[in-house]
Amino acid sequence: MELTTIWFIAIAVLFTGYFVLEGFDFGVGMLLPVLGREERERRAMINTIGPVWDGNEVWLITAGGAMFAAFPHWYASLFSGFYLLFFLILLGLIVRGVAFEYRGKGDTARWRRRWDACLVAGSALPAFLWGMVVANIVRGVPLDANFDYTGSFWGLLNGYALLGGLTMLLLFATHGAYFLHLRTTGDLSARARAIGLRLGAATAVPALAFLVWTQAAHGNGASLVLVVGAVLALVAGLALDFKGRGGWAFAATALTIALASAALFCALWPDVLPSTGDPANGLTAQNAAATEKTLGIMTWAAVVFLPIVLLYQGWTYWVFRKRVSVDRIPEERIPVA
Amino acid sequence: MDVLDLARIQFGVTTVYHFLFVPVTIGLSLVVAILQTMWRSTGKTVYLRATKFWGKLFLINIAMGVVTGIVQEFQFGMNWSAYSRFVGDVFGAPLAFEALVAFFLESTFIGIWIFGWDRLRPGLHLACIWLVAFGTVASAYFILAANAFMQNPVGYQLNETAGRAELTDFGAVLTNPVALAAFPHTVFASWLTAGVVVVAVSGYHFMHRRDLDVHRPAMRLGVLTTLIGGLGLVLSGDSLGKVMTATQPMKMAAAEALYQTTYSAPFSVLTIGSLDGRHGTPIIEIPGLLSFLATGSFSGRVEGINDLNAQYNDLFGPGDYIPYIPLTYWTFRAMIGFGLLAMAMAVIVWWSTRRGRLPAHRLFWPVVMWMALTPFLANSSGWIFTEMGRQPWVVFSLYQTSEAVSPRVGAATVLTSLIGFTLVYLILAVIALKLFFKYAKAGPPAEETALASSSPSDDPDKPMAFAY
């Protein structure tokens, strides 16, 4: 296989991994005010992702770095072209990351309410915007001969992209609900299951529309298989959540996200950022790529280090596999000052 | 103001801000790892209490470092797309390595360390913080290797048709002499920074005579870290200066505002007169020192700005290749001066607290606490000098900053993000500082509290040791 193909797949894997992992972090964040009726419930929810969210976010950092190295033109056109989308994603990720660490370090209810708002906004906004980013990549944008985006911010707010955003937002919320169903106990887990059902059903409509649109406008044979798989996995998740099988429901949404993301990258291939104007201005895995030399070195690094990363991240999930029960959240935090 | 100015301001603001937290993260992770190791090896609970106390302050800091780091990786593409296209083949790989090799390690094991106190065997838990400490240092190495390519491009060839620099030797990129000199310099600066922070915070508790059993060993460790860092800075700074003279002579000339090529060039500690040193009257001048810094000999020849500019005009075509001298001249002095001030403070604190002594003067500790600013001023000055001294180049001798900016991004867009980031950063700075002071003042946890949550437990109903 050609190195450019390998790296297209690698970038797809990194972003897919990011969506699957950060997806439930975002979902938990969005559901905070909905499911967390009182402070200890909200803390239990946050603590289900406490040990892992930071490691999950590094999937994005790695995807970004790998894109820069393997497809410099893709990285340059995408980030400069989708400027304001990324600016808002960054703002969301900034306030969310700080909120995790700082929320529990204040003493007043007002302090915690404000950080909760940051967690909700910092989860919902990037979730929606990532959907818009991916949809716009698949759809293509106007590019000039230097591969620079010639449209405006408003050009990115098209129906397909907005539908993509809505799909990702709801899918991540569902993913988070199933995760909480799995990772909490008692009443909180039961309510997570219930809301997971409603969210799963609500996701089905835009997700189906978005995937069918993708398939009709940009799809191919392989993406069709993946689209069908994603839809089946979503339905299976609903059924499993209904049966109270939180773990399997969570695995099903993880699969939904992975298959949907794979379908989108499959529909994109061999382009990486198509041009809606002159097709010659479009970016492909060939003309956007770095040299064989760079791709070769990157391949070795990925072959050696990615398995190690998977091992120790997997170990983290094993260490913190125990459900978080509200009863185990300390009543009062240790007072300071 | 045009897009170029706005993008440069944004890079300056976000980078200097990010680098307020980075050295503290690198240095404090080591301090916490050492304290926890001392606890494990001696079994003395004062070290455990110190570990918990400094661990908390470390986490307040690292959260800021992590979130502001993402902006760094993305803004090359957002504001500097032409630059990204030009260097991506060479410059992207170290960034990808940083994420894959170092940042994954750091971010995953910090989570395990925070939440793992009562889940992991103590030895394994201790290993986690050491892995974090190692990860931060490895991160620094890859980032500095990327930056070194901008100072002294190596291991590439220019592809004229593709219009970009292409990688020929990754080993050369990773062993760039600038990276090899800047890496120890940055790590020592981080140790100095963390050391001074530890001294200042411990000093607060010395002033109030509280928990001295916990703060005295931390204070000793802080002084030691500061002094080792400081001595390392002097030595590594010396080698960095010589590498810089060899690779970027203009930057060395700009550091001293030396216009004419000179043998036995002096170093002016302070100058009055015009800011750019053109008509300056040095107040304190050390003969031959600049020659020594640049060449290793007090009589060595240091090329002047005017001669270099003439050479560059011949080499690169007509233009102005002189960086903004007032800034390079003063930031170079600020970097060295504030660093020396921090070292002097550590020596004085060490002398005044030796063998259980407590300084009596009521201004002693407040002054020590204010001195906590010095490493931050030195670090910021150092980076501003390094980056501004390279101008007008973004990649020295290859690519100018004015060509590097995203051609199709409008000024309004950049201004929007500049205002947005600056506002959010300002608000977060206030909050982070308030929290840091609050927990610094609160002091270490009591012995029972610290012990209760520091070992594995089989009791399923026991409250979680650490929860967000």
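The contact between chain A and chain B removes approximately 7100 Å² from the accessible area (both sides summed; 1.4 Å probe; ligands, DNA and RNA excluded). Taking 1.306 mPa s as the viscosity and 10 °C as the temperature, the Stokes-Einstein diffusion coefficient of the range A:134-235 based on its alpha-carbon Kirkwood radius rounds to 103 µm²/s. The Cβ shell under 10 Å around B:Leu158 holds other residues with a net charge of -1, Lys and Arg each +1, Asp and Glu each -1.
Globularity index of chain B is 1.04 (Cα radius of gyration / 2.2 N^0.38 Å, N = number of residues).
A straight chain from A:Leu224 to A:Trp300 at 0.36 nm per residue would run longer than the Cα-Cα distance by 24.1 nm. A convex hull fitted around the alpha carbon atoms of the range A:3-326 yields 120 Å³ per residue. Helix B:212-247 and the longest principal axis of the Cα set of chain B meet at an angle near 10°. Within the range B:172-213, none of the chymotrypsin sites (Phe, Trp or Tyr not before Pro) combine a DSSP coil assignment with at most 16 other C-beta atoms in a 10 angstrom radius.
How large a share of the accessible area of chain B, in percent, is made up of carbon and sulfur atoms when the probe is 1.4 Å and the other protein chains stay in place? Using a 1.4 Å probe with all protein chains present, chain B comes out at 67 percent carbon and sulfur.
Classification of the range B:60-104 by its C-alpha gyration tensor yields an oblate form. The axis ratio a/c (a ≥ b ≥ c) is 1.5 or more, and b/c is at least a/b.
Ranking of A:Met1, A:Met168, A:Met132, B:Met369 by solvent-accessible surface, largest first: A:Met1, B:Met369, A:Met168, A:Met132 (1.4 Å probe, protein heavy atoms only, all chains present). Ligands, DNA and RNA excluded, the heavy atoms of B:Asp213 present near 80 Å² of accessible surface to a 1.4 Å solvent probe.
Count Lys and Arg as plus one, Asp and Glu as minus one, and take only other residues whose Cβ is under 15 Å from that of B:Gly296; the net charge is then +1. What's the FRET efficiency of B:Ile228 with B:Lys434 using the Cβ-Cβ distance as r and R₀ = 30 Å, to the nearest 0.05? Efficiency computed from Cβ-Cβ geometry: 0.45.
Applying 1/(1 + (r/R0)^6) with R0 = 45 Å to the Cβ-Cβ distance of A:Arg37 and A:Leu157, what FRET efficiency is obtained, to the nearest 0.05?
0.80
Annotation: per residue accessible area for chain A equals 35 Å², rounded to a whole number [probe 1.4 Å, protein chains only]. The stretch between B:Lys441 and B:His361 holds 26.7 nm of extra length on full extension. This uses 0.36 nm per residue minus the Cα-Cα distance.
Residue separation of A:Thr108 and A:Glu2 scaled by 0.36 nm, minus their Cα-Cα distance, works out to 32.4 nm of gained length. Computed from Cα atoms, the angle from the helix B:104-115 axis to the main principal axis of chain B rounds to 20 degrees. In the assembled protein chains, A:Asp278 presents an accessible area of approximately 80 Å² (probe radius 1.4 Å). Considering only GluC sites (Glu not before Pro) in DSSP loops that have at most 10 other Cβ atoms within 10 Å, the longest stretch of chain A without any of them is A:39-330. Between the amide H of B:Thr271 and those of B:Ile283, distances stay under 5 Å, these residues lying 5 or more places away or on another chain, with hydrogens modeled in the peptide plane. Seen through its C-alpha gyration tensor, with square-root eigenvalues sorted a ≥ b ≥ c, the range B:274-430 comes out oblate because a/c lies at 1.5 or above while a/b is not bigger than b/c. With contributions of -39500 (n - 2.57) from each DSSP H run of at least four residues, the per-residue ellipticity at 222 nm computed over the protein assembly as shown stands at -25000 deg cm²/dmol. Burial here means at least 50 square angstrom less accessible surface with every protein chain in place than with the chain by itself, probed at 1.4 Å; in the range B:109-155 the buried residues are B:Ile112, B:Phe115, B:Arg119. Each of the trypsin sites (Lys or Arg not before Pro) that DSSP puts in a loop and that has at most 10 other Cβ atoms within 10 Å breaks chain B; the longest unbroken stretch is B:1-208. Express the carbon and sulfur contribution to the solvent-accessible surface of the range A:3-326 as a percent, rounded to the nearest whole number, probe 1.4 angstrom. The nonpolar share, carbon plus sulfur, comes to 72 percent. Accessible area per residue for the range B:149-300 is 40 Å², calculated with a 1.4 Å probe on protein heavy atoms, without ligands, DNA or RNA.
Take the alpha carbon gyration tensor of the protein assembly as shown, find the square roots of its eigenvalues, order them as a ≥ b ≥ c, and report rounded if a/c is under 1.5; if not, report prolate when a/b exceeds b/c, else oblate. Here the protein assembly as shown falls in the oblate category.
Helix A:3-35: angle to the longest alpha-carbon principal axis of chain A, degrees 0 to 90, nearest 10? Result, in degrees: 30. Computing FRET efficiency as 1/(1 + (r/R0)^6) for B:Leu340 and A:Glu292, where r is the C-beta to C-beta distance and R0 is 45 Å, gives about 0.35. With all protein chains kept in place, the per residue accessible area of the range B:29-108 amounts to 17 square angstrom at a probe of 1.4 angstrom. Here the Karplus curve 6.51 cos²θ - 1.76 cosθ + 1.60, taken at θ = phi - 60°, turns the phi angles of the range A:228-244 into couplings of 4, x, 4, 5, 4, 4, 5, 5, 4, x, 4, 5, 5, 5, 4, 6, x Hz, with x standing for Gly and Pro.
The values are calculated or read from the model by the stated rules, or taken from the named source; none is laboratory data. In this text, all values refer to a predicted model and were calculated from it rather than measured experimentally. Because the Cβ atoms are built from the backbone with ideal geometry, glycine has one as well, and the counts that use them run over all protein chains shown. With ligands, DNA and RNA removed, areas are computed over all heavy atoms of the protein, side chains included. Shrake-Rupley method; radii C 1.70, N 1.55, O 1.52, S 1.80 Å.
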